[in-house]
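The values are calculated or read from the model by the stated rules, or taken from the named source; none is laboratory data. Please read all numbers here as calculations on a predicted model, not as lab measurements. As a convention, Cβ positions derive from the backbone with ideal geometry for all residues, glycine included, and neighbour counts pool all protein chains shown. Areas reflect the complete protein model, heavy atoms only, side chains present, ligands, DNA and RNA absent. Shrake-Rupley method; radii C 1.70, N 1.55, O 1.52, S 1.80 Å.
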Amino acid sequence: MGKIDLNQLINESYSLYRDVSLGTLPNYIPELANANPNHFAISVTTLDGKTLSVGESDHKFTIQSISKPFVFSLALDTHGMEKVRARVDVEPTGDPFHSVIRLDAESKRPYNPLVNTGAIAMTDLIEAQTSKIREEKLLYFLETFAGRPLKINEKIYHSEQSTGHRNRAIAYLMLHFKMIGPNLDETLDLYFKQCSIDVNTKDLSVMASTFANNGINPITKKKAMKAEFVKHVLTIMFTCGLYTDAGEWAFDVGFPAKSGVSGGILGVIPGVMGIGIYSPLLDSHGNSIRARKVCEHLSKKLGLHIFDQSNLCS
Ligand code: GLN
């Protein structure tokens, strides 16, 4: 990516897609439907600790499913690979994120940690004496990635908690198959909270850059997770990060990423930079339309597809 000016490129991406007004606001979590459809922001953080942004990069939105790779990381960091793999598989499903169908009753594992079943199983692995300490562990872990204190958005949390019956159904079905422990009401509550953490695109780009820097926050220099697990988390993001669009994403865009239903996308370019984008209008898969377009543009312009070898030949 040597000769391209990154600041110019993100500004160009912003202008290119600012007027795209396709897509819909999510409404299954009622409070999310109040998002401003015009909001659009792009941030990138390079491994020398510099963050560049364009648009409403201070605007806060809830992290939603983008929390899932972090909670998977926390589970690996705390319990190690063997215990975590016993609780979750690493296979893409091709089903929507909140599907209740794909549970491997035989192996007693959900398919992967980025669909709700697997994500709730990973939240269940955040163990502590009290629910308050479980919440603190979760927040502290994500804060080390972000390099600043994070807060739960109470409005969204209550909106999600009062309407999250599908997630309750999923959790009870998993209890039936003994995929999660009996403390599931508390685990579900913590899951709703993890989805309701407020971030902006600058935070997402710093969090992504910590993955890109093998688990060390490039700004604070603090170690956020054990380096040995970073490649596994990135693999899951590459194969399962964009819901039912994951295959097409890997094909077209070609770098590990995770989207959330509030309109964020976090992208990781290992050894190079982290990307955070927000725009709340979603496509039929539940991915932000503008954010996806920006990632595709950045990937083409900078040759970010992990299987792109054109730079090697020139
Ligand atoms: N909180 C949302 C849910 O569990 C997260 C989903 C998402 O971002 N796709 O339904």
Fill in the blank from the handout: Residue span residue 248 to residue 5: 0.36 nm per residue of separation minus Cα-Cα distance leaves a gain in nm of 84.7 nm
Problem - Between helix 154-163 and the chain: long-axis angle, C-alpha atoms, 0 to 90°, nearest 10 - result: 50
Exercise for the section: Measure up 83/137; 221/301; 178/231 against 24 Å on the Cα-Cα distance and list the ones that go over. Expected result: 221/301; 178/231
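Quick one: putting +1 on the C-beta of Lys and Arg, -1 on the C-beta of Asp and Glu, what dipole do you get for the chain around its Cα centre, in Debye to the nearest 20?
My answer is approximately 480 debye.
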Completion exercise
To the nearest 0.05, the calculated FRET efficiency linking residue 310 and residue 16 through their beta-carbon distance, R0 being 35 Å, is 0.95
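What net charge do the residues around residue 212 carry, taking every other residue with its C-beta under 14 Å from that of residue 212, with Lys and Arg at +1 and Asp and Glu at -1?
Charge balance in the 14 Å sphere: +2.
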Handout entry: Degrees separating the helix 289-302 axis from the principal Cα axis of the chain, which is the longest one
Key = 50
Problem - Whole-number D in µm² s⁻¹ for the chain, Kirkwood Cα-pair radius fed into Stokes-Einstein, 37 °C, 0.692 mPa s - result: 171
Completion exercise
Between the alpha carbon centres of segment 159-217 and segment 1-43 the gap in Å comes to 24
Exercise for the section: Please give the contour-minus-distance gain from residue 148 to residue 107: 0.36 nm per residue of separation, less the Cα-Cα distance, rounded to one decimal in nm. Expected result: 10.9 nm
Problem - Pairs from 68/223; 202/226; 226/293 whose Cα-Cα separation, in the structure shown, is over 29 Å - result: 226/293
Completion exercise
residue 155 neighbourhood, Cβ < 11 Å, K/R = +1, D/E = -1, net charge -4
Handout entry: Angle in degrees between helix 131-146 and the longest Cα principal axis of the chain, rounded to the nearest 10
Key = 10
Practice task
Set the Förster distance to 25 Å, then compute FRET efficiency between residue 183 and residue 228 from the Cβ-Cβ distance, nearest 0.05.
Solution key: 0.30
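Taking only protein heavy atoms and a 1.4 Å probe, what accessible area per residue, in Å², does segment 44-158 have with all protein chains in place?
On the way: 4890 Å² over 115 residues.
I get 43 Å² per residue for this part.
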Exercise for the section: Give, as a single signed number, the net charge of other residues whose beta carbon lies under 13 Å from the beta carbon of residue 196, with Lys and Arg counted +1 and Asp and Glu -1. Expected result: -2
Problem - the chain - mean residue ellipticity at 222 nm from DSSP helices (-39,500 (n - 2.57) per run, n ≥ 4, rounded to 500) - result: -13500 deg cm²/dmol
